[in-house]
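The values are calculated or read from the model by the stated rules, or taken from the named source; none is laboratory data. Model, not experiment: these values are computed from the prediction. Backbone-built Cβ (ideal geometry, glycine too); neighbour counts: all protein chains shown. Heads up: the accessible areas ignore ligands, DNA and RNA and are worked out on the full protein's heavy atoms, side chains in. Shrake-Rupley method; radii C 1.70, N 1.55, O 1.52, S 1.80 Å.
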Amino acid sequence: METYGYRFSFGPWNIHEGADPFGPAVRKPWSFTSKLQVYRALGYTAIQLHDDDAVPDLHDLSPDGIVQATRGLRHRLDDEGLVAEFVAPRLWEHTSTIDGAFTSNDPLARAYALDRAKKAIDISQELQTDLIVLWLAREGTYLREAKDARRAMDQLVAAIDALLAYNPTIRIAIEPKPNEPMDIAYVPTIGHGLALASRTRDPARVGVLLESAHAILAGLDPSDEIAFALSFNKLWSVHLNDQNGLKYDQDRSFGAVDLRRAFNQVRVLEASNYAQIGMVGMDVKALRSQPEEVSTKHLRNSIQTFLRLVELARSLDQAQIAALIAQRDYEELDWLILDGLMRQA
Ligand code: XUL
Ligand code: MN
C-alpha cells in the first residue's frame, strides 16, 4: 500500500463489541492477540495503548511486575512488526475517579490519578515511546458549583508538572474534548490545551492531540484546530474520525459524514509535512449494526479515505488556486474542490 510517507495507528478499543449506553455488546470480543494480528493487513504499523490495554492487571502488580509484563508485550509487538505510538492512563473508569482524577475534590482520588499516570509513564518507557496522552475525561463538572474551576487549572498544572518531573524525557499530549462523559469539560479545545501547557514547568514537553469529533462537538472546524496546533509546533498526534453534528461522540470513519471537512484536515496536514512530525491515529468505531466477521471495515475505510484525499491534495494545481484567490473568485475555487472531491468518488 502506498502511504505517501504517513504512518497509521489505532488502539485496541477501536475494534469493539458495539455496546452503547442503551444496549449491551452485540459482537463477540476479539482477543488482544487477534487484534494485533490484523494491524499490518489493514495498513497500520503502530498501536496506541491505554495503560491497562498494555498491562490489564496493573492494579495487582508491583512496579517490577508491571515492567516484566510490559516487556512481554513489547516482544509481542515486535513479532507483529508494530511499534507503540503512545500510552494513555485510563483515568475515568476506576471508582476512585468518579468525581474527577487530577481535579477531584478528594485528595485520595487525586493521589490515585497521579500514581496511575506514573505507572503509564513506566509502561511507555518499556514500550520505547516518549509520548503520553492525557484525555482529561472526568476533569470538569456535572454541577458547576461542585468544583472551583480556577483551582482546577492549578491542579491540572500541578499534576502535569509532577509527571514531567517524574520522567525528564517524556512528552505529554493533551487530548481536548468539550463534553462527554462530563457535561462541561475544563479543557475543551486545542487553545485550552496549549494555554495549560504554557503554565507548566517545561512547556516544550507539553503539546496536544487533536481529535476531529471532539473539535466538531466544540463547534469548531477540525482543520483549523489542526492548523492552530501546528503553528505552535504542538501537534504531536491526531485522532481522525467524523461526527454528525452536536450529538454523542460518534467516532465515525474518517470522512464518512463530511468528505470536504476531511479533505481540509488532510490538506492542512499535508501543507505542514505532518508525515514527518507524527502518526495518523484513527479513533474510529464500527457501527453497532456491523456483523462481527466484518467489524474492521471502518479501519480500512478511514485509511483509504485519508490516502485518496492525500492524492487529491497533491494533485491540485497550486498556481491555479493562487490565481483564483488573487482574483477573489472563490466560487471557481469552490468548484475546483467540489469537482476534485467528486472525481475522487
Ligand atoms: C474519548 C477518546 C478516547 C481517547 C483515548 O472520546 O477519544 O478514545 O482518545 O483515551
Ligand atoms: Mn480520541
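What whole number of Å gives the distance from the Cα centroid of the stretch 66-109 to the Cα centroid of the stretch 248-287? One Cα centre to the other: 25 Å. Relative to the longest principal axis of the Cα atoms of the chain, helix 107-126 runs at roughly 60 degrees.
Between the Cα long axis of helix 330-344 and the first principal axis of the chain there is an angle of about 80°, rounded to the nearest 10. For the chain, the longest principal axis of the C-alpha atoms and the axis of helix 149-166 are separated by about 80°. Taking a straight line from the alpha carbon of Lys247, these lysines sit under 19 Å away, with near neighbours fewer than eight places off in the same chain left out: Lys177, Lys285.
Using a probe of 1.4 Å, the accessible surface attributed to Arg90 totals some 30 Å² when neighbouring protein chains are kept in position.
The tail of the calculated P(r) for the stretch 8-316 beyond 31 Å holds 26 percent of all Cα-Cα pairs. For the chain, the solvent-accessible area works out to 45 Å² per residue, with a probe of 1.4 Å and every protein chain left in place. A simple charge model with +1 on the Cβ of Lys and Arg, -1 on the Cβ of Asp and Glu and nothing else charged puts the dipole of the stretch 8-316 at about 580 debye relative to its Cα centre. Dimensions of the stretch 93-191 from C-alpha coordinates, computed as largest minus smallest value along each principal axis and given longest first, are 41, 29, 23 Å. Ordered by 1.4 Å accessible area with all protein chains kept, Glu180, Glu331 run largest first as Glu331, Glu180.
Checking every one of the chymotrypsin sites (Phe, Trp or Tyr not before Pro) in the stretch 1-39 against DSSP loop status and a limit of 10 other Cβ atoms within 10 Å picks out Phe22.
Applying a DSSP loop filter and a limit of 13 other Cβ atoms within 10 Å to the chymotrypsin sites (Phe, Trp or Tyr not before Pro) in the stretch 215-321 leaves Tyr248.
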